[in-house]
Amino acid sequence: MARGFTKIAPPSPPRGREMAETLERIAWLMDRAFTIPGTKIRVGLDAVLGLLPIGGDVAAGLVQTGVVLVALSHYKVPKAVAARMMGNVLLDVGVGAIPLLGDLFDVAFKANTRNLKLLEPYRMIDVTPAEPQARPGLLPGLRIGMSWRFLLPFAILMLVILGLLLVGFVTVVRWALGY
């Protein structure tokens, strides 16, 4: 090697490539995995699970929330983008819980695909995070770099909305059965 020159390592692939592929597979499974026979309409497990009363939408919402949490913990996503991602999840779960209308909404809305499009500018940025350290005074397991303080209000709001939907569903069923 000549004097004064340093060897430059070849560029490494973006650190989050494997995670980006995993998130894409989950979004595909939840939003576009199946084709409705005789049409070109693609649906995923979100729409199929949405056919189950209340529980299916809750299960799909948990998967969607998990995707958002993983994305936020692996990529440097601004708070405004994170808020839009959680808004997509809340809208999908909230409207998806409405019988029939919610099922049609699940087919058209595709919250996971929308969230990946919001995440796109941040997915291929090579981020080498520092070793996570526990924050003093917080619950064990909370790490620096995780947006728990930001996501907790959204999670609470989602639980309140789901609780109200469940109470409304039970009230309608009791009214319909004459109790």
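For the range 1-48, a tally of residues being outside any loop (DSSP other than H, G, I, E, B) and modelled with pLDDT under 85 returns 4. Among the conditions (1) touching a Lys or Arg at 6+ places or on another chain (Cβ under 9 Å); (2) under 16 Å from Met30 (Cα atoms), the only one that Arg84 does not satisfy is (2). Being among the hydrophobic types (A, V, I, L, M, F, W, C), open to solvent by 40 Å² or more (accessible area, probe 1.4 Å) and touching a strand residue (DSSP E or B) at 6+ places or on another chain (Cβ under 6 Å) is a description that does not apply to Phe105.
Across the range 64-111, which residue is farthest from Gly50 (Cα to Cα) among those that are in a loop (DSSP other than H, G, I, E, B) and of a type in the set (Lys, Arg)? Walk me through how you get there before you give the answer.
Taking the range 64-111 and keeping what is in a loop (DSSP other than H, G, I, E, B), we get 75-78, 97-100, 110.
Now restrict to residues that are of a type in the set (Lys, Arg): 76, 110.
Numbers: Lys76: 31, Lys110: 12 Å.
By that ranking, first place goes to Lys76.
The values are calculated or read from the model by the stated rules, or taken from the named source; none is laboratory data. Small disclaimer: the values here were computed from a predicted structure and weren't measured. So basically every Cβ, Gly included, is an ideal-geometry build from the backbone, and we count neighbours across all protein chains shown. Surface accessibility is based on the protein's heavy atoms, side chains included, excluding ligands, DNA and RNA. Shrake-Rupley method; radii C 1.70, N 1.55, O 1.52, S 1.80 Å.
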